[in-house]
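One structure is given below, encoded as structure tokens.
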Amino acid sequence: MAAINQIVDEKGIDKKIVIEALESAIGAAYRKDYGKPRQRIKAVIDNETGNFEIIRIFEVIENDVEMENEEAQIFLKDAKKKKKGIKVGDEITKKLPYHNEFGRIAAQTSKQVIIQRLREAERDIVLEEFKQKEGELISATIQQIEGKNIIINLGKTNGLMPGSEQIPGEYYRIGQRMRVLIKNVEDTVRGPKIILSRSDEKFIIELFKLEVPEVQSEAIDIKAIAREAGSRTKIAVATKEESLDPVGSCVGQKGARIQAILAEIGQEKIDIILWDDDPKNLIVNSMSPAEIEKVKLSNKEKRATVIVPEDQLSLAIGKNGQNVRLASRISGYEIDIPKDNIKSKKKEIPVTQKPEAKETELKKLSDKNKQKKVFTKDKAEKKEK
């Protein structure tokens, strides 16, 4: 019993599971030396003294069915002679002569049963623990680098961060400590398989929860996020509290909060925009930092045609179409910027009309757009200085 208690303390396994493993192991050893291969034999251990007795188990079956295993089954009519009120599917036991001398092969069999059961119990504990942490951020250490795959030490077990879940251009080294997202936990024949990620969109959301208390308390709601890891992320925030500025809260005083997030993801840029239930306003906001002239919506086809000033075209499209691509994912609309409809600011203002007299269709939306912020690690540091 002292040995059992030691295993319970070291492995963190329930004492009941350890005792059941030992009972099965002694039963297997007994069957090896004193029983028959197809018999179901089990030991029953006294939790206080550690003494045990050996029993043989029979399953009760219908009287008119064919018996598949005579060593482990009994007909209902015969079972009722031993125990009244017993039903089909119940088990009946028979006490066997006590033996505590086992041969080398039986002892080895017993050992293997115990090891297997304890491994299964440990695996189940690890699986359950990390299954509950799925979608959370944890701090872990890189243990090994195998080609594009990175093995990360999580304490009780290891996790895998494949190349597809890494931030492009990020450098990793053995012994490096960093935050990772527990993306997926699966049970396999080799044990729990834990997939970790730093490129997932939820990684950014969890960083905001960590650094911005209002996001953690749900006073600020992250309505949408679009990310291209290592390059740019757009995140739309909103709040129901009138006194709270969602964009400013995410930025923090002198950019302290956003700077802490940027420090974790390197050179990746983050656009924090204000969520709007009006699709037009949302598209204008999501196209930040470009200024938008006009938005035409086709709600049926979920398409939007966006007209921008000539000097804002490259900014609206972004590098390799990144800005418009991320804006499309944030708004849920397929965004088109037709070149033939691009308006030059000079052509919009007649010669006889003063610039102040001209008001574009979405000037008010552009005023709202002042709340949008674009941050990089360098900008945040300059702001703080």
**OP:** Enumerate the pairs (first residue in region 114-136 and surrounded by fewer than 17 Cβ atoms within 10 Å (Cβ to Cβ); second residue anywhere and at pLDDT 85 or above and part of a helix (DSSP H, G or I)) with beta-carbon separation below 8 Å, excluding pairs fewer than 6 apart on the same chain, so at least 6 apart or on different chains.
**Re:** GLY135/LYS202; GLY135/GLU206; GLU136/GLU206
**OP:** Being exposed (fewer than 14 other Cβ atoms within 10 Å of the Cβ) and in contact with a Lys or Arg (Cβ under 7 Å, 6 or more places away or on another chain) is the filter here, so list the residues in region 137-161 that pass it.
**Re:** SER139, THR141
Subject >> Unmet requirement for SER139, which otherwise passes all of (1) assigned by TED's automatic domain parsing to the domain that holds ILE17; (2) in a strand (DSSP E or B); (3) among the hydroxyl-bearing types (Ser, Thr, Tyr) >> reply: (1)
Original post:
What pairs come up if the first residue lies in region 234-262 and is without any contact (Cβ under 8 Å) to a residue 60 or more places away in the chain and farther than 25 Å from GLY318 by Cα, the second is among the aliphatic types (A, V, I, L, M) and in a loop (DSSP other than H, G, I, E, B), and their beta carbons are under 7 Å apart, counting only those six or more places apart or on different chains?
Top reply: THR239/ALA219; GLU241/ALA219; LEU244/ALA219; SER249/VAL212; ARG257/VAL212
**OP:** Kindly check whether there is at least one residue in region 165-185 that is touching a residue at least 40 places away in the same chain (Cβ under 8 Å), loosely packed, with under 13 Cβ neighbours inside 10 Å and over 26 Å from ILE13 (Cβ atoms).
**Re:** yes
**OP:** Can you confirm whether region 358-366 contains a residue that is of a type in the set (Ser, Thr, Tyr), in a helix (DSSP H, G or I), modelled with pLDDT of 80 or more and more than 24 Å from GLY266 (Cβ to Cβ)?
**Re:** no
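Per-residue answers, yes or no, for (1) farther than 23 Å from SER139 by Cα; (2) of a type outside the set (Phe, Trp, Tyr); (3) out of contact with any Lys or Arg (no Cβ under 7 Å at 6 or more places or on another chain):
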| site | (1), (2), (3) |
| --- | --- |
| SER243 | yes, yes, yes |
| ILE258 | no, yes, yes |
| LEU262 | no, yes, no |
| GLU268 | no, yes, no |
| ASN281 | yes, yes, no |
| GLU291 | yes, yes, yes |
**OP:** Look at ILE235 and say whether it is over 30 Å from ASN285 (Cβ atoms) and among the hydrophobic types (A, V, I, L, M, F, W, C).
**Re:** no
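Do any strands (runs of 3 or more DSSP E) lying entirely in region 157-235 carry at least 1 residues that are farther than 25 Å from GLY332 by Cα and under 16 Å from the mean Cα position of the chain (by Cα), and which ones are they?
Details: elements: 158-161, 177-188, 191-197, 220-228.
The qualifying strands (runs of 3 or more DSSP E) are 158-161, 177-188, 191-197.
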Subject >> Total residues in region 252-263, condition among the aliphatic types (A, V, I, L, M) and surrounded by 20 or more Cβ atoms within 10 Å (Cβ to Cβ) >> reply: 3
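Take region 203-223 and flag every residue that is surrounded by fewer than 16 Cβ atoms within 10 Å (Cβ to Cβ), under 27 Å from ASP278 (Cβ atoms) and either of a type in the set (A, V, I, L, M) or in contact with a Lys or Arg (Cβ under 9 Å, 6 or more places away or on another chain) (or both).
Here is the first cut: in region 203-223, the residues surrounded by fewer than 16 Cβ atoms within 10 Å (Cβ to Cβ) are 213, 216-219, 221.
Now restrict to residues that are under 27 Å from ASP278 (Cβ atoms): 217-219, 221.
Matches in region 203-223: ALA219, ASP221.
Hey, among the residues in region 99-113 that are of a type in the set (A, V, I, L, M, F, W, C) and surrounded by 15 or more Cβ atoms within 10 Å (Cβ to Cβ), which one's nearest to ALA29 (Cα to Cα)?
Taking region 99-113 first, the residues of a type in the set (A, V, I, L, M, F, W, C) are 102, 105-107, 113.
Of the ones still in play, those that are also surrounded by 15 or more Cβ atoms within 10 Å (Cβ to Cβ) are 102, 106, 113.
Details: PHE102: 7, ALA106: 4, VAL113: 9 Å.
Here the residue is ALA106.
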Original post:
Here are some conditions: (1) touching a Ser or Thr at 6+ places or on another chain (Cβ under 8 Å); (2) at pLDDT 85 or above. MET1 meets all but one. Which one does it not meet?
Top reply: (2)
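Within region 186-197, take every residue that is in contact with a strand residue (DSSP E or B) (Cβ under 9 Å, 6 or more places away or on another chain) and free of Cβ contacts under 8 Å to residues at least 60 places away in the same chain and give me the one that is surrounded by the most Cβ atoms within 10 Å (Cβ to Cβ).
In the first step, residues of region 186-197 are kept if they are in contact with a strand residue (DSSP E or B) (Cβ under 9 Å, 6 or more places away or on another chain); the result is 186-187, 192-197.
Still in the running and free of Cβ contacts under 8 Å to residues at least 60 places away in the same chain: 186, 193, 195-197.
Numbers: GLU186: 11, LYS193: 16, ILE195: 19, LEU196: 25, SER197: 21.
For region 186-197, the residue satisfying everything is LEU196.
How about region 101-121: which of its residues are over 29 Å from GLY12 (Cβ atoms) and in contact with a helix residue (DSSP H, G or I) (Cβ under 9 Å, 6 or more places away or on another chain)?
Filtering region 101-121 for residues over 29 Å from GLY12 (Cβ atoms) gives 101-106.
Scanning region 101-121 gives GLU101, PHE102, GLY103, ILE105, ALA106.
For region 52-103, which fully contained strands (runs of 3 or more DSSP E) count at least 2 residues that are modelled with pLDDT of 85 or more and within 30 Å of MET1 (Cβ to Cβ)? Show your work before the answer.
On the way: elements: 52-61, 73-75, 91-95.
Passing ranges, in order: 52-61, 91-95.
The values are calculated or read from the model by the stated rules, or taken from the named source; none is laboratory data. On a predicted model such as this, the values are computed, not experimentally measured, just so you know. Quick reminder, even Gly has a Cβ in these numbers, built from the backbone with ideal geometry, and neighbours come from all protein chains shown.
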